[in-house]
Amino acid sequence: MALHVELVSPERVAYSGEASMVIARVANGDIAFQPGHVPFIGTLQTHPVRLILVDGSEQQIAVHQGFVEVSNDRVTILSDVCELAENIDAGRAEAAKQAAEEELKADANDADALAALRRASVCLLYTSPSPRDP
């Protein structure tokens, strides 16, 4: 038995397929969904979402906030911005990180710059040889 997973952004359906488990970070921590999970709705944090596919492989997706809904073995993730790991532009992510860091030098409490730094850091997880948890 598998979950049907759809990850949707305003531009496109970024992922649609089957998975045996979905791991995401919501407001109060990480949560994993497997077939038979009770209905759930939550707010996603800017953090990678991991899909454990039915063949045992893993698909990682950089999700920049959004919502997750689970019902009847369907996991739907709605996000303003999401990127499959293999589609992340490392140069763009590094430039965004550097720009955010410069903005934070001027104002360490700049909420937009802090959010931009978090998004860039999540994307850069997939471009470095040794991933680490942001």
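FYI, it's all coordinate maths here, none of it is from the lab. Since the structure is predicted, the reported quantities are computational estimates derived from the model, not experimental observations. Cβ: placed from backbone, ideal geometry, glycine included. Neighbour counts: every protein chain shown.
Applying a DSSP loop filter and a limit of 15 other Cβ atoms within 10 Å to the trypsin sites (Lys or Arg not before Pro) in the stretch 1-90 leaves 12.
Among the GluC sites (Glu not before Pro) found in the stretch 1-75, those both in a DSSP coil and sparsely packed, with 13 or fewer other Cβ atoms within 10 Å of their Cβ, are 11.
Modelled spin labels at residue 69 and residue 99, positioned 7 Å past Cα toward Cβ, are 3.3 nm from each other.
Rounded to whole Å, the principal axis extents of the Cα atoms in the stretch 7-107 read 49, 27, 24, largest first.
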